[in-house]
Amino acid sequence: MNRDQLLDQLTEDVLAHVMRGSFPERELAQSIKPEQLDERFEEYELLLDLHFILKSDVVDFVRELPNHLRSVRTETRTTTRKRRGTVDGRINWGETIKTRYSEHPRDSSIFVCENRSEDYDIPENIVLKRLISVIHTTIREAEQYLRGEYEWVQETWKGSENLIDELQHIVERNVHVRRIRDPDTYEPTERMLTTAENSRHEVYRKAASLLRSRERLIRGEADEIRALLEETAIAPDDQDTLFELFVLFRFVSTLERLRETQPEFKTIATGRQEVARFEDDKEIVLYHDNSAPDRNLSFVAVPDEEENLSRTDEVQRTAQDVASDYFGQDFRNHTGRPDVIVLEIISPEQDQHEYLIVEVKNSTKVDTIRRGIKETLEYLAFLRVNEEFVFGRDEMAEDYFGSGWNGLLVVQDLDDETASLEEQAENPVTILQAAELEKELEGILRKILSN
């Protein structure tokens with residue numbers, strides 16, 4: 001599965017799951033945001049706006065904005081006031097005589113005066129003000145990154161840092177921008193956008209076009225989602241993250257089919273990585289990229305017990321104690337964590353818990369796959385709940401890795417022929433290639449759910 005195939009499938013997944021609410025937006029944002037960004041950008045819409053302002057068209061718009069603002073359109077507004085004994089503005093003699101005759105007979109001190117003023121609050125300017133506001137707000141959130149040495153700003157804002165200062169100056173001090181009122185939440189309306197699109201002034205046409213593009217992105221139209229995954233800051237430098245996300249979506253969609261229901265989602269706070277929860281006769285919880293500490297799951301590699309340690313265990317344990325004493329810290333050795341998934345199945349009536357641990361390797365190299373097998377076995381052997389080993393509690397070696405359906409390794413598609421799912425039945429870790437996942441995952445999940 002190459003990068004284009006991954007992007008095509010992920011575009012479909014985002015449209016099918018994220019946009020209809022069966023996959024949390026925050027989880028998607030966490031998966032695709034550049035790792036340098038802080039947790040503010042795990043808010044999906046803010047991440048979309050960051051993607052939006054990194055478009056070259058947006059940077060060009062900001063660059064040309066000072067010149068365009070010199071020709072901002074206004075409309076002349078005439079206000080009429082009735083005065084007694086004073087004149088304020090141009091006297092409208094026709095209205096003055098009519099008012100004197102109808103309302104104030106024989107009162108020659110009555111005048112109807114007209115004043116003209118410039119009205120900035122026309123539809124085109126509301127469109128322009130909304131676009132400037134979106135760009136300025138997002139830049140303010142991301143300024144430290146836009147000024148930094150990050151690859152994902154090289155082709156857009158890199159070398160144009162002065163534009164950030166210019167935009168700030170425009171928002172705070174430009175007399176034309178300041179005279180345009182702030183748009184209401186629902187603005188610009190469709191009629192305002194249409195008016196701007198049909199304007200003779202280029203700045204308004206561009207502003208409307210860019211806002212339309214942002215709307216398509218937030219609505220989740222296919223072309224914009226594809227660009228979101230592929231371009232600017234959003235696409236990772238390699239496709240490891242895309243591959244992990246692809247596998248995660250396969251789990252969500254397969255579980256939806258099996259349970260015939262959509263999952264429930266909880267807001268993912270810092271340190272919580274619960275992606276989805278299915279509740280029926282069994283509770284199924286899906287975790288991503290984490291050892292699910294909120295459910296007291298961990299992967300501790302060194303035994304806690306002092307007795308019956310092997311020579312190797314004794315070396316690791318003593319090294320841990322020496323380091324803890326020296327640095328005055330409580331060190332604990334953990335295995336790595338699964339790249340994608342911990343699936344927890346709870347049967348409340350029997351008070352039973354079952355687990356599926358998944359490792360993902362975006363590779364076809366034999367050595368990488370062998371390392372993935374070893375890591376998956378480590379996760380199984382050292383999986384703990386409430387500090388107790390899940391598998392092999394009675395110290396029988398054949399139980400260290402569960403029933404044989406508790407470990408799954410997903411790898412990229414291989415050219416060489418490999419063992420089928422049936423031929424792997426006796427192994428403690430099942431290996432699936434990307435192309436096999438859609439077909440075989442349902443069978444694996446059925447087996448683990450039936451335990």
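The values are calculated or read from the model by the stated rules, or taken from the named source; none is laboratory data. None of the values given here were measured: they were computed from a predicted structure. We place every Cβ from the backbone using ideal geometry, glycine too, and count neighbours over all the protein chains shown.
At a glance:
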item	result
Residues located in the range 119-144, provided they are of a type in the set (D, E, K, R) and surrounded by fewer than 16 Cβ atoms within 10 Å (Cβ to Cβ)	ASP119, ASP121, ARG140, GLU143
Close pairs from the range 431-451: first under 14 Å from GLY407 (Cα atoms), partner basic (Lys, Arg), Cβ under 7 Å, at least 6 apart	LEU441/ARG250; LEU449/LYS282
Of all residues making up the range 99-118, the number that are surrounded by fewer than 13 Cβ atoms within 10 Å (Cβ to Cβ) and either in contact (Cβ under 8 Å) with a residue 12 or more places away in the chain or within 30 Å of THR194 (Cβ to Cβ) (or both)	6
Search result, residues across the range 401-451 that are within 29 Å of the chain's Cα centre (by Cα) and in a strand (DSSP E or B)	GLY407, LEU408, LEU409, VAL410, VAL411, LEU432, GLN433
Number of the condition not met by THR189 [criteria: (1) at pLDDT 90 or above; (2) surrounded by 20 or more Cβ atoms within 10 Å (Cβ to Cβ)]	(2)
The range 328-384, subset modelled with pLDDT under 85 and of a type in the set (Gly, Ala, Ser), residue nearest to ASN2 (Cα to Cα)	GLY336
Failed item in (1) at pLDDT 85 or above; (2) among the acidic types (Asp, Glu); (3) surrounded by 12 or more Cβ atoms within 10 Å (Cβ to Cβ), with ASP8 passing the rest	(1)
Test: residue in the range 381-392 that is closer than 26 Å to PHE249 by Cβ and part of a strand (DSSP E or B)	yes
Qualifying positions in the range 215-263 - more than 20 Å from ASP8 (Cβ to Cβ), modelled with pLDDT of 70 or more and not β-branched (Val, Ile, Thr)	GLU215, LEU255, GLU256, ARG257, LEU258, ARG259, GLU260, GLN262, PRO263
Qualifying residue in the range 407-426 (condition: free of Cβ contacts under 8 Å to residues at least 60 places away in the same chain, touching a Gly at 6+ places or on another chain (Cβ under 8 Å) and among the hydroxyl-bearing types (Ser, Thr, Tyr))	no
Selection within the range 120-164 - of a type in the set (D, E, K, R) and modelled with pLDDT of 70 or more	ASP121, GLU124, LYS129, ARG130, ARG140, GLU141, GLU143, ARG147
Among (1) more than 16 Å from TYR355 (Cβ to Cβ); (2) touching a Leu at 6+ places or on another chain (Cβ under 7 Å) - the single one LEU414 does not satisfy	(2)
Some residue of the range 83-98 being among the basic types (Lys, Arg), within 30 Å of ARG147 (Cβ to Cβ) and touching a His at 6+ places or on another chain (Cβ under 9 Å)	no
